[in-house]
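One structure is given below, encoded as structure tokens.
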Amino acid sequence: VQLQASGGGLVQAGGSLRLSCAASGSTVRINLMGWYRQAPGKERDLVAIITSGGSTNYADSVKGRFTISRDNAKTTVYLQMNSLKPEDTAVYYCIARELGRNYWGQGTQVTVSS
């Protein structure tokens with residue numbers, strides 16, 4: 001499984017960004033996709049995930065502001081980020097899980113200025 005993420009950038013506080021992550025290769029057994037993020041000096045933390053059945057889970061810090069979705073083929077996942085805050089600044093990594101193994105994208109930088 002290969003993951004290609006895009007959509008990061010610089011935005012002012014209160015603004016919006018949309019991240020995309022496209023999976024390719026052996027995608028038929030992917031049962032989960034989503035996003036983690038890592039700020040400088042901090043651990044990589046869950047942002048949002050969506051399962052093959054459509055269930056979602058969000059970090060408390062982004063609930064009500066971020067929305068995860070996917071395309072009908074279930075190979076591309078999106079993260080709509082609204083009402084961005086400076087504390088959302090991080091490198092965002094796409095994740096896909098297949099048969100218990102995690103695959104990671106290359107990361108995309110999101111910077112929110114105050």
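The values are calculated or read from the model by the stated rules, or taken from the named source; none is laboratory data. These numbers were taken from a predicted model, which means no experiment stands behind them. Cβ atoms come from the backbone with ideal geometry, glycine included; neighbour counts cover every protein chain shown. Side chains included, ligands, DNA and RNA excluded: accessible areas come from the protein's heavy atoms. Shrake-Rupley method; radii C 1.70, N 1.55, O 1.52, S 1.80 Å.
Take residue 6: with every protein chain present and a 1.4 Å probe, its accessible area is about 60 Å². Computed about its Cα centre, the charge dipole of the chain is approximately 160 debye, with only Lys, Arg, Asp and Glu carrying charge at their Cβ.
Per residue, the convex hull around the alpha carbon atoms of the range 60-107 comes to 99 Å³. For residue 65, the solvent-accessible surface computed with a 1.4 Å probe is close to 30 Å², ligands and nucleic acids excluded. Using the 1.4 Å probe convention, the accessible area of the chain works out to 52 Å² per residue with neighbouring protein chains retained.
What the phi angles of the range 19-34 give under the Karplus curve with 6.51, -1.76 and 1.60, with θ = phi - 60°, is a coupling list of 9, 10, 9, 9, 9, 9, x, 7, 9, 5, 9, 5, 10, 7, 9, x Hz, glycine and proline written as x. Ordering 93, 54, 78 by the projection of their Cα atoms onto the charge dipole of the chain, which places +1 on the Cβ of Lys and Arg and -1 on the Cβ of Asp and Glu, puts 54 at the extreme positive end.
Close amide H partners of residue 44, meaning residues 5 or more places away or on another chain with modelled amide H under 5 Å apart, do not exist here.
Each residue of the range 36-51 was assigned a 3J(HN,Hα) from its phi angle through the Karplus curve 6.51 cos²θ - 1.76 cosθ + 1.60 (θ = phi - 60°); the sequence is 10, 9, 9, 8, x, x, 10, 7, 7, 10, 4, 10, 7, 9, 9, 8 Hz, with glycine and proline shown as x. Within the straight-line cut-off of under 24 Å between alpha carbons, the lysines reachable from residue 85 are 42, 63, sequence neighbours fewer than 8 places apart in one chain being disregarded. At the listed q of 0.14, 0.20, 0.24 Å⁻¹, the Debye profile of the chain, built from one uniform point per Cα, gives log10 I(q)/I(0) equal to -0.50, -1.01, -1.41. Summary value for the chain: 38 percent relative contact order, contacts being C-alpha pairs under 8 angstrom separated by 6+ residues. Solvent exposure of residue 85, expressed as accessible area, is near 80 Å², computed with a probe of 1.4 Å over the protein chains only.
Backbone geometry of the range 53-66 corresponds, through the Karplus equation with coefficients 6.51, -1.76 and 1.60 at θ = phi - 60°, to 3J(HN,Hα) couplings of x, x, 6, 10, 9, 10, 5, 4, 5, 10, 4, x, 10, 10 Hz, x marking Gly and Pro. Within the accessible area of the range 6-114, the carbon and sulfur atoms contribute 46%, probe 1.4 Å, all protein chains present.
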